[in-house]
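Remarks on the structure that follows.
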Amino acid sequence: QGLKPLAPTDYPHLIFGTSKPAPGLSAADPFLGKNKVPDLQKVFQRSDGLPVHLKLGYPDRLLYRTTMALTIGGTIYCLVALCIASQPKKQ
């Protein structure tokens, strides 16, 4: 009997940890295409005074302004609704 190890000493093989190419692809075919990380690092690390959430141009500005408009509009709507709800009811 004695003491038994809590964890098994031999680990099963990884299911997805293979370096073989997918069926139908040769070993020379690229799996993911071009690495875009260095290009994006250049864009996001550029010191142009813009915050990071606006660095990609027009789509980022559109999303930012839409979010701000919805936030301000929702705040005004809530304040108006609270003001109306706090008025005494007339009989």
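Where a number appears in this text, it was derived from the coordinates with a stated rule and is not lab data. Remember, it's a predicted structure, so these values are computed and weren't measured experimentally. Quick reminder, even Gly has a Cβ in these numbers, built from the backbone with ideal geometry, and neighbours come from all protein chains shown.
Observations on the structure shown:
- Selection of trypsin sites (Lys or Arg not before Pro), the stretch 33-64, meeting DSSP coil and at most 13 other Cβ within 10 Å: LYS34, LYS36, ARG46
- In units of the rule-of-thumb radius 2.2 N^0.38 Å, the stretch 49-90 shows an alpha carbon radius of gyration of 1.85.
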